[in-house]
Amino acid sequence: MDEKICLPDIGAFEEKLGYSFVSRRLLKEALTHASYANESGAPSCNERLEYLGDAVLELCVSEMLYAGHPEYSEGELTRARASVVSETPLASWALSAGISGLIMLSKGLERQGGGRNPSILADAMEATLGAVFLDGGYEAARGVVSRFVSSVGVSIDEKKYDYKSRLQEMVQAKWVHPPVYRLTNRSGPDHAASFEVEVSLPDGRVLATGEGPSIKAAGFAAAESAISVLSTMRVEI
């Protein structure tokens, strides 16, 4: 294993994760950022495992919410899942698990403090979950996710759930720039007007539309629908 990852650190990380790897090679790959692979000539980085871990995380959380909250509607299940699988709680989990000092980065990213970058941390945790799935199977991955969910909690409190802020976080994590809102229709008399707002990715692809008695309300409705789209399907970059 790369000399940067010393066994005592890995042991402490596995203890906090709640899983001990059979294949340290998989864990090494999960902790290898693309910048390090490009700089060092390493044969692989964690991007493929991140892709797998993202899917495993969503499946595990979806299953746990479905079984644990029979009173939730489909929309409530989607919002609850989105509150758990976002970058912020994943990055917080990564820091508490001690992954920051284990991620292998290029020298430039290390100097910039990349080991504490929320996006890099969240991606590394998803990659680690993908590695757990390959190393120990679904039940092992579900156990890790269960401990994660217990640590961050689940919330669907509408007053605390800002759909536009959440959508912006999700979009900027992948596309850097924020989503774009556009008023597409206004109908009805002034005292009972109805507005339609469209929200798109920065590259112009439409995610969803929303309707409401004001432009603001229609924008929030569009953002809520767009969150569901991004939470239930992988939009290609």
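Projecting the Cα atoms of Tyr66, Leu105, Gly130 onto the charge dipole of segment 22-148 (Cβ charges, centred on the Cα centre) puts Leu105 farthest toward the positive pole.
For segment 127-144 versus segment 181-195, the spacing of their alpha-carbon centroids is 48 Å.
Once the chain from Glu71 to Gln112 is taken as fully extended at 0.36 nm per residue, the excess over their C-alpha distance is 10.2 nm.
Of the cross-linked pairs Lys28/Lys107; Lys16/Lys164; Lys28/Lys164, which ones have a Cα-Cα span greater than 29 Å in the structure shown? Table pairs above 29 Å Cα-Cα are Lys16/Lys164; Lys28/Lys164. A simple charge model with +1 on the Cβ of Lys and Arg, -1 on the Cβ of Asp and Glu and nothing else charged puts the dipole of the chain at about 400 debye relative to its Cα centre.
Backbone phi angles across segment 121-138, fed through the Karplus curve with coefficients 6.51, -1.76 and 1.60 (θ = phi - 60°), yield HN-Hα couplings of 5, 5, 5, 5, 5, 5, 5, 4, 5, x, 5, 4, 4, 5, 7, x, x, 4 Hz in residue order; Gly and Pro are listed as x. Between Glu29, Glu196, Glu126, the GNM of the chain built on Cα springs shorter than 10 angstrom shows Glu196 fluctuating the most. Mean residue ellipticity, 222 nm, helices only, the chain: the sum of -39500 (n - 2.57) across DSSP H runs of n ≥ 4, divided by residue count and rounded to 500, is -18500 deg cm²/dmol.
Using the count of nearby Cβ atoms within 10 Å as a rough guide to exposure, how do Arg79, Arg48, Arg24 rank from fewest to most?
The order, fewest Cβ neighbours first, is Arg48, Arg24, Arg79.
Every read-out reported here was derived from the displayed coordinates using simple, explicitly stated rules and does not represent laboratory data. It should be emphasised that the depicted structure is a prediction, and the values quoted were computed from it without experimental measurement. All Cβ positions, glycine included, derive from the backbone under ideal geometry; neighbour counts span all protein chains shown.
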